[in-house]
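Working notes for the structure below.
Derivation of every value follows stated rules applied to the coordinates shown; laboratory data play no part. Remember, it's a predicted structure, so these values are computed and weren't measured experimentally. Positions of Cβ are backbone-derived with ideal geometry, glycine not excepted, and every protein chain shown enters the neighbour counts.
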């Protein structure tokens, strides 16, 4: 059995990125549908992803009630203070992406960064698009990894060999 579950809580997203991996039939053909978060209990690591998982906070909260012994990471481009404040202590880390040079993305990054600065260090990764022109106030102590990279298109991506790609459908 694979050790990591990458769970697409939803395919809904507030963005329409042309390079979105979820638009790739190569990737999505490898996804297995799950109907219950109980199916995640055998895994050592859970990667909460989407679409944008923060669009459905009730799903994140429900998942975290079931997976109580695993390392859980959240992949997101949003920040919602109340939810973030409630779930951050339970997470092993976040993977936050600033896709574009826009105020919403930068403000969301700042929100996570401020929250992280009030907690013990975690495995937080910050991914930045190379075309961001504005100056960013990045606090390196809040991020274990900071990467600037050009996005690969979905058909150029693969599901890592140690991961199961799971699509949640209630």
Per-residue [θ]222 nm for the chain (sum of -39500 (n - 2.57) over DSSP H runs n ≥ 4, rounded to 500):
-5500 deg cm²/dmol
Calculate the length of the line joining the C-alpha centroid of segment 111-157 to that of segment 1-43, in whole Å.
21 Å
Two pseudo-spin positions, 7 Å from Cα along C-beta at residue 69 and at residue 132, lie apart in nanometres by 3.8 nm
Most exposed to least, judged by fewest other Cβ atoms within 10 Å, 79, 96 sort to 79, 96
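In terms of the Cα gyration tensor, with a ≥ b ≥ c the square roots of its eigenvalues, is segment 84-170 rounded because a/c is under 1.5, prolate because a/b exceeds b/c, or oblate? Show your work: numbers first, answer last.
Values: a/c = 1.80, a/b = 1.14, b/c = 1.59.
Since a/c reaches 1.5 but b/c is at least a/b, the shape of segment 84-170 is classed as oblate.
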Taking Cα pairs closer than 8 Å and at least 6 residues apart, the relative contact order of segment 4-168 in percent is 31 percent
How far apart, in nm, are the 7 Å Cα→Cβ label points at residue 11 and residue 146?
3.6 nm
Which value, in nm² and rounded to one decimal, describes the direction-averaged projected area of the C-alpha convex hull of the chain?
9.4 nm²
At a 10 Å Cβ-Cβ cut-off, how would you order 76, 10, 145, fewest neighbours first?
145, 10, 76
Residue of 54, 78, 11 that the Gaussian network model of the chain assigns the largest fluctuation, springs spanning Cα pairs under 10 Å
11
DSSP beta bridges in the chain, what fraction antiparallel, as a percent rounded to 5?
0 percent
Can you compute the radius of gyration and Dmax for segment 26-73, using only the Cα atoms, both in Å?
11.2, 32
